[in-house]
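Here's the structure, in structure tokens; my notes come after.
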Amino acid sequence: MAAVKINGLNTKYLDKKFRNDKELIMEAVKENGNALEFASKALKANREVVLLAVENKGKAFRFAAQEVNNDKEVAICALKQDFDAIDYCISLLKDREVAKTACETLFKKEDP
């Protein structure tokens, strides 16, 4: 666990059996949201894990399972963290709140 607390991306070196350890993966994505890439399929579909990942790195949304990719709250969280997460939640932009969040984040990003 110490290795993933130092660098969440160290999860890529873990044996596959550890990639389904929720506590371990939560620590990894807390340190680096992109560690979600190396989580098990089940944890990529776990809303709690994905939310923690996108709070850290919005673009980690790209590693989430389809079940979570359609979650409006997760998309909004990802967009608030990083406007570039928009590439991974295009289908949700029909939702007014998601679109509004994307616009607000974009304007905040471009504001000097």
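The values are calculated or read from the model by the stated rules, or taken from the named source; none is laboratory data. These numbers come from a predicted model, not from an experiment. Backbone-built Cβ (ideal geometry, glycine too); neighbour counts: all protein chains shown. Protein only, heavy atoms only, side chains kept; ligands, DNA and RNA dropped before computing areas. Shrake-Rupley method; radii C 1.70, N 1.55, O 1.52, S 1.80 Å.
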Return the pairs, sorted by first residue and then second, in which the second residue is open to solvent by less than 40 Å² (accessible area, probe 1.4 Å) and outside any helix (DSSP H, G or I), the first residue lies in the range 36-47 and is closer than 15 Å to ASN69 by Cβ, the beta carbons are less than 6 Å apart, and the residues are 6+ apart or on different chains. LYS44/ALA64; LYS44/ALA65; ALA45/ALA65
Give me the residue from the range 10-30 that is among the aliphatic types (A, V, I, L, M) and part of a helix (DSSP H, G or I) and, out of that set, most open to solvent (accessible area, probe 1.4 Å). MET26
Which ranges mark the helices (runs of 4 or more DSSP H) fully within the range 31-112 that have 3 or more residues being open to solvent by 40 Å² or more (accessible area, probe 1.4 Å) and more than 26 Å from ASN7 (Cα to Cα)? 96-110
